[in-house]
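The values are calculated or read from the model by the stated rules, or taken from the named source; none is laboratory data. Bear in mind that the values here come from a model prediction, so they are computed numbers and not experimental data. In this analysis, Cβ positions are derived from the backbone assuming ideal geometry, glycine residues included, and neighbour counts consider all displayed protein chains. When the accessible area is computed, the model is the full protein with side chains, heavy atoms only, and any ligands, DNA or RNA have been set aside. Shrake-Rupley method; radii C 1.70, N 1.55, O 1.52, S 1.80 Å.
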Amino acid sequence: MLTFLIRRLFTAIPTLVLISLIIFLLLDLAPGDPLADQPLSIPPDVRQKMRDALGLDSPAYIRYLLWAKQFFWVEPLVFVDWVTGTGFSEGMQRIVSWQFRAPVFDIIIQRLPQTLWVVGLAYLVGVLIALPIGIISAYRQYSWFDQVGTFVSMIGFSVPPFFSGVLMIVFFAIMLPWFPSIYDTTLVVNDFESFGQQIRQMTLPVMVLALQTTAQLSRFMRASMLDNLNHDYVRTARAKGMTEKVVLLVHVLRNSMIPVVTVIALGIPSIFGGAIITEQIFKVNGLGQLLITAIYANDLPMVQTLAFIFAVLIVLCNLIADMLYGLLDPRIRYD
């Protein structure tokens, strides 16, 4: 497995370089001017100096190489300095957001906790709910539980988050004022009372996002379980006198998790990407909303960095899923 891991890592490097180049070229060719929102009263010579300061008139390959150097060399050195207290990155130019006039990674780190609180917890809740629902629905196919699970999954698939989010606000924030409709990003959790307020303001966005995750994963889990329940090894295990619990949770579940692991792993980058629509509805100041505001402001360094971070996460999660295959199925060998 170690040889396979090293081989995949060496394959991922040119893949990520190509992805970064494609992202840069797409954003560079996109219409829009970062200085379009500046007042028209600015003299042309001052506007030109602003463009020179942002590097907008430099050749595309120069701007790409500068960004790649900052992303792969300068920013890791900044992290090392932050951990060890050294000064290796002192005086080096970092990736700076045109909109916030601050380093991009500093802003991302500020927004990351809000995304993890809401979107990360919603994904975890969705996975923990979806797996048991899929297992029971498959074992009791066409029962009332399976019918209810299918109905809820259809709702989760068909109802978009901008509609379900508004419904949640109408019912649980206006008609029944149980939960706040706007997420307070300035809340500091330092006691039980503030922790309760944090739980209350997280409830509605977590419910909206968990509904989508549960609907998707429960259907995958059910289909995979049904496929394995009809195999010969299940009948053999039952013929040997094994209990239904052992057959279902030890033999069938382990084989059924192989395709589900792929879906779960590929969904992890969406946590860091944030649920853009849901964050906009509930005013969660996370990475999803940061990406939207950066696009509106033509903040190319921010958009490019966020998009490439999501691409890196997707490649890494694919690698993690491949590693888990060998643990779930002993027949899979990588070396």
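Table for the structure above
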| item | result |
| --- | --- |
| Residue among VAL247, VAL119, VAL312 with the largest mean-square fluctuation in a Gaussian network model of the chain, springs linking Cα atoms under 10 Å | VAL247 |
| Per-residue SASA entry for TRP117, accessible area with 1.4 Å probe, Å² rounded to 10 | 100 |
| Amide H contacts under 5 Å for VAL96, placed H, 5+ residues apart | VAL104 |
| Spacing of the two label points (7 Å from each Cα toward its C-beta) at LEU66 and ASP227, in nm | 5.0 |
| Sum of -39500 (n - 2.57) over DSSP H runs of 4+, divided by residues of the chain (222 nm, nearest 500) | -22500 deg cm²/dmol |
| Which of THR262, THR278 is most accessible, then next, and so on - probe 1.4 Å | THR262, THR278 |
| With every protein chain in place, the range 122-213: carbon and sulfur % of accessible area (1.4 Å) | 75 |
| Radius, Kirkwood style, for the range 196-313 when every pair of distinct Cα atoms is counted (Å) | 17.4 |
| Solvent accessible area, Å² - MET154, 1.4 Å probe, full protein context | 120 |
| Value of Rg/Rh across the range 82-185 [Cα atoms, Kirkwood radius] | 1.19 |
| Gaussian network model of the chain, springs between alpha carbon atoms under 10 Å - residue of ILE309, ILE13, ILE136 with greatest fluctuation | ILE13 |
| Base-10 log of normalised Debye intensity for the range 99-148 (one unit scatterer per alpha-carbon) at q = 0.14, 0.20, 0.30 Å⁻¹ | -0.55, -0.74, -0.99 |
| Under DSSP loop assignment and at most 11 Cβ neighbours within 10 Å, longest trypsin sites (Lys or Arg not before Pro)-free interval of the chain | 102-239 |
